[in-house]
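Working notes, structure below.
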Amino acid sequence: MQNLAQVDFVELLALDNSLIVDLPYASVRNFTKKIIYDANAKAYLRRTVAEALVMAQRKLNAQQLGLKIWDAYRPFHIQEIFWSYCPDERYIMKPVRENGHMKEGSAHNRGCAVDLTLVNTITGIELVMPTLFDDFSEAAHRNYMESSSEAIHNRELLNDIMVSCGFIGLPTEWWHFNWHAAEEFELCDLPMV
């Protein structure tokens with residue numbers, strides 16, 4: 001069986017160890033309230049996407065800010081688990097198999113999506129955002145304007161940096177960004193270790 005490195009994935013901390021990686025799905029701190037990822041899971045993206053993410057990190061570092069990664073590549077079978085918990089395409093892309101083959105899925109399953117937030121690099125503290133991670137409510141939508149001005153400013157700063165590096169934000173989740181050319185990459189179901 002192939003591993004992620006053989007299909008041009010790179011582990012994010014190996015590329016830039018100034019990134020903070022905290023995977024809630026490797027704990028019970030997530031919307032399923034169950035441990036979904038293996039304890040040894042690491043954050044991976046396709047090399048091109050990972051390099052763009054590092055560019056965003058460097059732009060933020062100039063402002064004493066950085067990125068905290070909550071999720072990156074996600075195996076297809078995990079997408080199926082998430083769909084069983086939340087079959088709502090506003091928040092979870094429906095995974096589709098045809099004759100046992102992966103047909104449709106999330107950009108996460110392609111190694112081309114990342115869930116993240118901003119942190120202060122001096123204190124390590126997350127900046128105020130409109131909601132917590134995986135808040136499946138209107139308050140998490142990018143066009144929601146009832147949050148504090150600080151949260152809206154921080155959400156827009158994150159969005160602007162990510163867009164400048166080739167990412168596109170998901171309208172319903174301020175933390176989710178897809179690589180602009182995600183469809184060029186195949187769906188994948190390899191382990192995250």
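Just so it is clear, none of the values below were taken in a lab; they were calculated from the coordinates. Please read these numbers as outputs of a predicted model, since none were measured by experiment. Using ideal geometry, Cβ is built from the backbone for each residue, glycine included, and neighbour counts are taken over all protein chains shown.
Helical content of the chain, expressed as a calculated mean residue ellipticity at 222 nm, amounts to -7000 deg cm²/dmol (DSSP H runs of 4 or more residues, -39,500 (n - 2.57) each, divided by residue number, nearest 500). In this structure, the pairs whose alpha-carbon distance is over 28 Å, taken from LYS68/LYS103; LYS42/LYS103; LYS34/LYS59, are LYS68/LYS103; LYS34/LYS59.
In the chain, the convex hull through the Cα atoms has an average projected area of 10.6 nm², a quarter of its surface area.
Note on ALA39 and ASN17: the extension gain reaches 6.0 nm, defined as 0.36 nm multiplied by sequence separation minus the Cα-Cα distance. Distance from the alpha carbon centroid of region 141-173 to that of region 123-138 works out to 11 angstrom. Counting only Cβ charges, +1 for Lys and Arg and -1 for Asp and Glu, the dipole size of the chain around its Cα centre is about 280 debye.
Relative to the longest principal axis of the Cα atoms of the chain, helix 76-85 runs at roughly 70 degrees. Where the centroid of each part is defined by its Cα atoms, how far is region 7-53 from region 55-113 in Å? One Cα centre to the other: 10 Å. The relative contact order of region 129-193 comes to 28 percent, based on Cα pairs under 8 Å that sit 6 or more residues apart.
From least to most packed, judged by other beta carbons within 10 angstrom and beginning with the fewest, CYS86, CYS165 follow the order CYS86, CYS165.
With contacts taken as Cα pairs under 8 Å at a separation of at least 6 residues, region 52-156 carries a relative contact order of 25 percent.
Dipole orientation for region 31-126: of the candidates ALA72, PHE82, ILE35, ALA72 has the Cα lying most toward the positive pole (charges on Cβ; Lys, Arg +1; Asp, Glu -1).
Report, to the nearest 10°, how far helix 149-164 tilts away from the longest principal axis of the Cα atoms in the chain, using its own Cα long axis and a range of 0 to 90°. Computed tilt is about 50 degrees. Straight-line cross-link reach from LYS33 at under 12 Å between alpha-carbon atoms covers these aspartates and glutamates, not counting any fewer than eight positions away in the same chain: ASP134.
Near the amide H of TYR37, within less than 5 Å, lie the amide hydrogens of ALA26, SER27, all on another chain or at least 5 residues away, with H placed in the peptide plane. Could you calculate the FRET efficiency of ILE125 with HIS77 from 1/(1 + (r/R0)^6), where r is the beta carbon distance between them and R0 is 25 Å, rounded to 0.05? Efficiency computed from Cβ-Cβ geometry: 0.15. Quote the relative contact order of the chain in percent (integer), defining contacts as alpha-carbon pairs under 8 Å separated by 6+ residues. Result for the chain is 23 percent.
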